[in-house]
1. Grab the DSSP H runs of the chain that are 4 residues or longer, score each as -39,500 (n - 2.57), total them, divide by all residues and round the 222 nm result to the nearest 500 deg cm²/dmol.
2. Mean-square fluctuation check for the chain, GNM, Cα pairs under 10 Å: which of PRO62, PRO138, PRO255 is largest?
3. In a GNM of the chain with a 10 Å cut-off on Cα contacts, which of GLY120, GLY156, GLY19 has the highest mean-square fluctuation?
4. Can you tell me the length gained on complete extension of the stretch HIS240 to MET1, counting 0.36 nm per residue apart and subtracting the Cα distance?
5. If you scale each eigenvalue of the Cα gyration tensor by 5 and take the root, what three semi-axes come out for region 1-148, rounded to whole angstrom and sorted largest first?
6. How much net charge surrounds SER18 when only the other residues with a Cβ under 12 Å from the Cβ of SER18 are counted, with Lys and Arg +1 and Asp and Glu -1?
7. List the extent of the Cα atoms of region 112-262 along each of their three principal axes, largest first, rounded to whole Å.
8. Are there chymotrypsin sites (Phe, Trp or Tyr not before Pro) in region 6-104 that DSSP puts in a loop and that have at most 16 other Cβ atoms within 10 Å, and which ones?
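We did not get these values from a lab; they are worked out from the coordinates using the rules stated. It should be emphasised that the depicted structure is a prediction, and the values quoted were computed from it without experimental measurement. We place every Cβ from the backbone using ideal geometry, glycine too, and count neighbours over all the protein chains shown.
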Amino acid sequence: MKVYESLDDWRAARRALSGRIGFVPTMGALHRGHASLIERSVAECDVTVLSIYLNPTQFNNPDDLAHYPRTLEADLDMARELGVDVVVTPTYDALYPDGYRYRVEEGEFSGELCGAHRPGHFTGVLTVVMKLLNLVRPDRAYFGEKDYQQFELIRGMADAFFLDAEIVPCRTVREADGLALSSRNALLDAEGRRLAPRFHCLLRSPESDAAVRERLARAGFEVDYVETRHGRRFGAVTVHGRTRDVRLIDNVPAPATARSDDAAGVLPGAVNA
Ligand code: PAF
């Protein structure tokens, strides 16, 4: 496995690569959810490229960025074991030579759900993913459905800008109790970890979005949103811990009898999770 911190070196190496290239972009703190994306890329592609880059431009809250788990050595071990061929770990200066003057902005869906609660978040995500897709030029890029809004926005961006990469959705990986795997789960204290699976459980309830919001709040979560649209129910909550607050997001196929605020139809490519 080759590790490139220098983008100049990586770009030179990329020019020499052939075969089907699979790409898994991450912010590190790898877990079984990431492993499932990597495994799929290794199975479907000739070369798998993993990026590990904690992207500051997508964090609207400096405290969230400061406490995001960083586990580079363990990440590299996992990547090696899973058969990753190349890891790219760029620096901010190399990835943002423009100082983030140039940005990719989406004008509709990025302002909803997480976008309404995290100003600038999706502009940071789309901008860094566009840079990474241009640097890696993959045939396929793999994204988890836990971040369903992110996946939809990236697929839309790839269509809008005629990118050649196929944007592949991968099922959410869950703990046995239903909690969606996330790098942020490591920040939950014991009490928060006990509460967290109620989030997924209540999202699946056939009750209305408003009733689910109320039940989540009564259970002890701070609720950002629970909204059903495009055939899915999306949610975001904060678990208040003794030392740290942890924001969780999740989404499920819209429960059959849940009241939908926007019955605009199923988003293309939706996969149950
Ligand atoms: O989902 C993530 O980990 C990040 O948003 C991504 C896609 C790697 C961009 O920084």
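1. Numbers: 11 runs with 100 residues, N = 273.
It lands at -10500 deg cm²/dmol.
2. Taking springs between Cα atoms under 10 Å, the residue moving most is PRO62.
3. Result for the chain, Cα springs under 10 Å: GLY19 fluctuates most.
4. 82.1 nm
5. On the way: eigenvalues 122, 60, 49 Å².
Working through the eigenvalues yields semi-axes of 25, 17, 16 Å.
6. On the way: positive: ARG14, ARG15, ARG20, ARG137; negative: ASP46, ASP139.
Residues near SER18 contribute +2 overall.
7. Sorted largest first, the three principal extents are 46, 37, 30 Å.
8. Passing both the DSSP loop test and the Cβ count: TYR100, TYR102.
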